[in-house]
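J.: Here it is: the structure, laid out below.
The values are calculated or read from the model by the stated rules, or taken from the named source; none is laboratory data. Quantities reported herein were computed from a predicted structural model and do not represent experimental measurements. Using ideal geometry, Cβ is built from the backbone for each residue, glycine included, and neighbour counts are taken over all protein chains shown.
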Amino acid sequence: MNYSLYRADSMKLIRDPKKRHELLLSEKSSNGIKVIPSQSRYKYDPMPPLVIENNKFKIEEVLLDELVRSENQFPTPLYVYSKRRLIENYLTFEHAFSSAFSKYGMNVIINYACKANSNPTILRILLELGANIDAVTVEEVKHCMACGYEPNQIFYTGVSNSKEDINWLLENGVQINFDAIEDLKKINKINLEHLRTGSFRVIPNISAGHHHKTHTGHEGSKFGVPYSQIVEAYAHLVDLGVKKFGIHCHIGSGSLEVEPFIATVNAMMEILTKLKKELGIEVSYIDFGGGFGVPYRLENEPINLKEVAESSAKIIHNRLKELGYKTLPEIHYEPGRYIVCDASVILTRVNTIKRSGDTNYALVDASMATLIRPAMYDSYHHILSEKSANSNITEKEEYCVAGRVCESGDVLNKRIMLPKLSEGDILIITNAGAYGYQMALATYNGIGLPAQVMISEKSIYPISNPLVTQEIYGLSRAYNYMKLFNE
Ligand code: LLP
């Protein structure tokens, strides 16, 4: 198999979002990309990016058989992405927010949360679409720079920052949303001149997410400046001579409800009111983070982005006018999951079907090492069999789909009805694009990392090599293993 790094083809970069939309919308019919009104994205069966044609699953114009059953088949488990779906998601998000805020003369900037998926091809496609980056480690910043992002397109919101991290970021012109007042003390004097816009991640005391482990905006959270210390934090920036300010919050990840996002806007407006009244500060950007959920279950309703965007724009505009803002701030969002989640599925092969007690196990070659979310958050990922596309097969059985890692918790879906399975069948794990590959375990049980491919219309592009066991064990064998025994 020839794995070469695919470089995004030359979609022309147009910086003005209005022009970009016009062009993309007008060209849409030719390449099949559409901006989907966010509220009409619901109850998909099959879930995106799958389509059914002649009783077979396809992604864009490629039959799944072609990926895993042809002469040139890829090894399973395999992450498969749809370029079209990725672009649709980005445009849908951007369209919802840009159109709502532009009515009030406000600009929206999208900083893609690269933690959700940092594949260079994905980063490159999003760059071409005009995305900036939300990064949380210096390693992510360097990776994004290597993929073509300029330092001024990267916004850093890391927690537990070292002195080295902070000074490196300032020296390299990356905007920081500081996590703590303590971070300011780490700035080398010489770098104070690089601190042009002072910004903190603050705790708005509002939290939301699909699981308590993904909540971040509550009192006592490890992320950001506690509510009661926010004014003090900005007073420190003023003391350091800072003249321009930003503010950031992120309440958590994976909420499908509108309400927490609106509550956050209201809380942030209270904070901005205090900063204006007590310190005379006006901010030049407000970053509301990410957190927009996607439907993982067929019955889930999608989040109504239009409502979030329109209500937020109205509240912000009205309050800032009341406060007498001279210039309205830029509005930043940091979606991760929304952009990549349903652009990808995992294809996995059934190794064994066996019954244990009351449970009918379908044991597959994917595992918690491929997708850790079910084991870590009890997350639901809808699973289909390749036979699910065949409308002539109606008889179904209940299976527990489990992986090959030596942990009882390695279950990918506890209970799912599927057409009767046989060894060698291919299963499709949906909604795998966000926090899937990026959180994969490479070393445990020596499993390594799966390959990834991206589909664009009829073409299949390998976008990462699999990392195989020999390489992983080889990393440690290369050192003192033999030497110790020979002494
Ligand atoms: N901004 C900040 C500062 C964040 O910490 C995050 C996510 C995001 C933006 C993007 O959130 P999103 O739009 O993707 O919800 N591993 C978990 C999710 C952890 C999210 C961490 N931070 C999962 O698999 O559900």
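J.: Which condition number does L320 fail, the rest of (1) within 29 Å of G436 (Cβ to Cβ); (2) touching a helix residue (DSSP H, G or I) at 6+ places or on another chain (Cβ under 8 Å) being met?
T.: Answer for L320: the failing condition is (1).
J.: Residue by residue through the range 333-376, note down the ones that are within 13 Å of the ligand (Cβ to nearest atom) and part of a loop (DSSP other than H, G, I, E, B).
T.: Once the filter is applied, which keeps residues that are within 13 Å of the ligand (Cβ to nearest atom) and part of a loop (DSSP other than H, G, I, E, B), the range 333-376 yields E334, P335, G336, M368, L371, I372.
J.: Now for a separate question. Checking the condition within 16 Å of the ligand (Cβ to nearest atom), in contact with a Gly (Cβ under 8 Å, 6 or more places away or on another chain) and of a type in the set (G, A, S), which residue from A113, A96 passes?
T.: Exactly one of A113, A96 is within 16 Å of the ligand (Cβ to nearest atom), in contact with a Gly (Cβ under 8 Å, 6 or more places away or on another chain) and of a type in the set (G, A, S), namely A113.
J.: Going by the structure shown, is G246 part of a strand (DSSP E or B) and more than 12 Å from the ligand (Cβ to nearest atom)?
T.: Answer is yes for this residue.
J.: Quick check on the range 248-272: of everything there that is in contact (Cβ under 8 Å) with a residue 60 or more places away in the chain and touching a Lys or Arg at 6+ places or on another chain (Cβ under 9 Å), which residue is farthest from I303 (Cα to Cα)?
T.: Per the criteria, the residue is H248.
J.: While we're here: Between N89, N152, which is surrounded by fewer than 19 Cβ atoms within 10 Å (Cβ to Cβ) and either in a helix (DSSP H, G or I) or at pLDDT below 95 (or both)?
T.: The match here is N152.
J.: For E334, which of the numbered conditions (1) in the same structural domain as G433 (by TED's automatic domain parsing); (2) surrounded by 19 or more Cβ atoms within 10 Å (Cβ to Cβ) fails to hold?
T.: (1)
J.: A further question follows. Looking at L275, L305, L347, L328 in this structure, which one is more than 30 Å from the chain's Cα centre (by Cα), touching a residue at least 24 places away in the same chain (Cβ under 8 Å) and surrounded by 15 or more Cβ atoms within 10 Å (Cβ to Cβ)?
T.: Exactly one of L275, L305, L347, L328 is more than 30 Å from the chain's Cα centre (by Cα), touching a residue at least 24 places away in the same chain (Cβ under 8 Å) and surrounded by 15 or more Cβ atoms within 10 Å (Cβ to Cβ), namely L275.
J.: Next question. Identify the residue in the range 116-144 that is among the small types (G, A, S) and within 15 Å of the ligand (Cβ to nearest atom) and, among all such residues, is surrounded by the most Cβ atoms within 10 Å (Cβ to Cβ).
T.: A135
J.: Another question, if that's okay. Any idea which of N205, N191 is over 22 Å from P329 (Cβ atoms) and either in contact with a helix residue (DSSP H, G or I) (Cβ under 6 Å, 6 or more places away or on another chain) or part of a helix (DSSP H, G or I) (or both)?
T.: Exactly one residue qualifies, and that residue is N191.
J.: Residue by residue through the range 377-410, note down the ones that are surrounded by 15 or more Cβ atoms within 10 Å (Cβ to Cβ) and within 16 Å of the ligand (Cβ to nearest atom).
T.: Of everything in the range 377-410, those that are surrounded by 15 or more Cβ atoms within 10 Å (Cβ to Cβ) and within 16 Å of the ligand (Cβ to nearest atom) turn out to be Y377, S379, Y380, H381, H382.
J.: Here is a further query. Scan the range 234-243 and give yes if some residue there is surrounded by fewer than 24 Cβ atoms within 10 Å (Cβ to Cβ) and within 16 Å of the ligand (Cβ to nearest atom), otherwise no.
T.: no
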